[in-house]
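What follows is a short report on a single structure.
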Amino acid sequence: MNRLRTALTGAAAAALTASLLAGASGSASAASPASAGAGPAAAGAVHAPVRAAAYAKHWITLFEDEDGYRTPRPFSQPTTPSGGIHAGSNYVYCRVWGDKVTGSYGYNHWWLRTDLDWTYPGKPWQNQYIPAYGLSGQGNDQANGIPDC
């Protein structure tokens with residue numbers, strides 16, 4: 001499944017951001033994973049708190065495919081991947097500190113919330129976490145330019 005990608009420019013992005021922030025309230029909304037029954041108690045996962053601004057898309061480039069998980073701690077809270085995301089240009093919403101991912105190019109503790117390109121049967125594709133290990137142009141424990149969740 002390919003993800004629909006849209007690019008907003010200048011005034012359109014500002015108008016959309018203002019509209020989203022104006023409609024945000026202190027209660028859970030339909031866009032919130034917690035309101036959809038996918039909160040920590042429902043899945044046994046620990047989800048990072050979500051702010052309205054966290055839903056803005058931030059474009060990144062991955063140098064390799066990455067597995068996606070329902071939590072940024074898939075090793076300390078054992079879980080199987082939900083699916084994956086392809087190398088290349090992708091959007092992410094925000095970052096959260098999680099389990100360390102190590103490989104031949106270094107290591108990274110940052111995890112990025114995004115929507116996956118493909119999933120395993122019965123697994124979700126929205127608001128999943130991928131390791132920031134595969135970010136192009138970043139060093140160890142870096143995910144620069146991406147806001148915290």
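Just a few scattered comments:
- Assessment of segment 119-129 against the conditions (at pLDDT 95 or above, under 15 Å from Phe63 (Cα atoms) and not polar (S, T, N, Q)) yields no matching residue.
- Residues that are farther than 21 Å from Lys57 by Cβ and touching a Phe, Trp or Tyr at 6+ places or on another chain (Cβ under 6 Å), drawn from segment 82-102: Asp99, Lys100, Val101
- Tally of residues being of a type in the set (Ser, Thr, Tyr) and in contact (Cβ under 8 Å) with a residue 60 or more places away in the chain across segment 107-131: 2
The values are calculated or read from the model by the stated rules, or taken from the named source; none is laboratory data. Model, not experiment: these values are computed from the prediction. As a convention, Cβ positions derive from the backbone with ideal geometry for all residues, glycine included, and neighbour counts pool all protein chains shown.
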